[in-house]
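Below is one structure; the comments refer to it alone.
The values are calculated or read from the model by the stated rules, or taken from the named source; none is laboratory data. Being a predicted model, the structure only gives us computed values, none of them experimental. When we count neighbours, we look across all protein chains shown, and the Cβ atoms used for this are built from the backbone with ideal geometry, even at glycine. The protein model used for the area step is the full one, side chains on, heavy atoms only, and it has no ligands, DNA or RNA in it. Shrake-Rupley method; radii C 1.70, N 1.55, O 1.52, S 1.80 Å.
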Amino acid sequence: QVHLAESGGGLAQAGDSLELSCVAFGRSFANYGLGWFRQAPGKDREFVAGMNWSGSVKRYGDFVKGRFTISKDNDKNTLYLRMNNLKPEDTAVYSCAVGDDLQSIKAARANYWGQGTQVVVSS
């Protein structure tokens with residue numbers, strides 16, 4: 001069993017930056033696809049970013065437009081999401097996910113999900 005714990009969310013103003021972290025407990029995620037999703041109130045869960053096991057392939061949601069960067073530290077078993085130039089429409093609960101591969105992540109077919117961390121961006 002893998003437990004994922006996100007942190008780093010909070011209140012931000014438009015234009016600010018935040019870095020989210022997701023620590024995996026119970027198993028190394030070095031050989032898995034990883035990703036971030038978000039869900040705003042009243043909206044469906046949305047793919048934010050994903051990467052393959054090696055980190056050589058990264059994909060982002062269309063709305064990211066170069067503002068976010070996904071990365072990981074295998075030694076710390078931690079996944080990151082650096083978010084720059086935040087906008088009010090980025091307000092959502094952000095969750096990390098671990099899956100078999102990047103394709104599974106993009107399809108939201110993750111094996112494990114975190115509980116999420118709230119990000120609120122004011123204008």
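Within the range 4-31, restricting attention to residues that are surrounded by fewer than 15 Cβ atoms within 10 Å (Cβ to Cβ) and aliphatic (A, V, I, L, M), which residue is nearest to Tyr94 (Cα to Cα)?
Restricting to residues being surrounded by fewer than 15 Cβ atoms within 10 Å (Cβ to Cβ) and aliphatic (A, V, I, L, M), the top hit is Ala5.
Just wondering, is there one or more residues in the range 60-70 that are touching a residue at least 40 places away in the same chain (Cβ under 8 Å) and either under 14 Å from the mean Cα position of the chain (by Cα) or part of a loop (DSSP other than H, G, I, E, B) (or both)?
Here is the first cut: in the range 60-70, the residues touching a residue at least 40 places away in the same chain (Cβ under 8 Å) are none.
Checked the range 60-70: no residue is touching a residue at least 40 places away in the same chain (Cβ under 8 Å) and either under 14 Å from the mean Cα position of the chain (by Cα) or part of a loop (DSSP other than H, G, I, E, B) (or both).
Got a sec? Which of Val98, Val119 is under 19 Å from Ala30 (Cβ atoms) and assigned to a strand (DSSP E or B)? Working first, answer last.
Numbers: Val119 fails: under 19 Å from Ala30 (Cβ atoms).
The conditions single out Val98.
Of the conditions (1) open to solvent by 10 Å² or more (accessible area, probe 1.4 Å); (2) closer than 19 Å to Ser123 by Cβ, Ala92 clears all except one; give me its number.
Unmet for Ala92, out of (1) open to solvent by 10 Å² or more (accessible area, probe 1.4 Å); (2) closer than 19 Å to Ser123 by Cβ: (1).
Does Ala24 satisfy the criteria of being out of contact with any Lys or Arg (no Cβ under 8 Å at 6 or more places or on another chain), closer than 12 Å to Gly114 by Cβ, in contact (Cβ under 8 Å) with a residue 12 or more places away in the chain and of a type in the set (A, V, I, L, M)? Let's see the steps before the verdict.
Details: out of contact with any Lys or Arg (no Cβ under 8 Å at 6 or more places or on another chain): yes; closer than 12 Å to Gly114 by Cβ: yes; in contact (Cβ under 8 Å) with a residue 12 or more places away in the chain: yes; of a type in the set (A, V, I, L, M): yes.
Here the answer is yes, as Ala24 does meet what is asked.
So, in the range 59-78, of the ones that are buried (at least 16 other Cβ atoms within 10 Å of the Cβ) and not hydrophobic (A, V, I, L, M, F, W, C), which residue ends up nearest to Ala5 (Cα to Cα)?
Taking the range 59-78 and keeping what is buried (at least 16 other Cβ atoms within 10 Å of the Cβ), we get 59-61, 64, 68, 70, 72, 77-78.
The next check asks that each one be not hydrophobic (A, V, I, L, M, F, W, C); those that pass are 59-61, 72, 77-78.
On the way: Arg59: 22, Tyr60: 21, Gly61: 22, Lys72: 14, Asn77: 11, Thr78: 9 Å.
Of everything passing the filter in the range 59-78, Thr78 is nearest to Ala5 (Cα to Cα).
On the given criteria, is Arg82 modelled with pLDDT under 95 and open to solvent by 70 Å² or more (accessible area, probe 1.4 Å)? Working first, answer last.
Details: modelled with pLDDT under 95: no; open to solvent by 70 Å² or more (accessible area, probe 1.4 Å): yes.
No.
Which pairs do you get when a residue that is without any contact (Cβ under 8 Å) to a residue 40 or more places away in the chain, found in the range 101-123, comes within reach of a residue that is open to solvent by 20 Å² or more (accessible area, probe 1.4 Å), reach meaning Cβ atoms under 8 angstrom, with the pair 6+ apart or on two chains?
Arg109/Asp100
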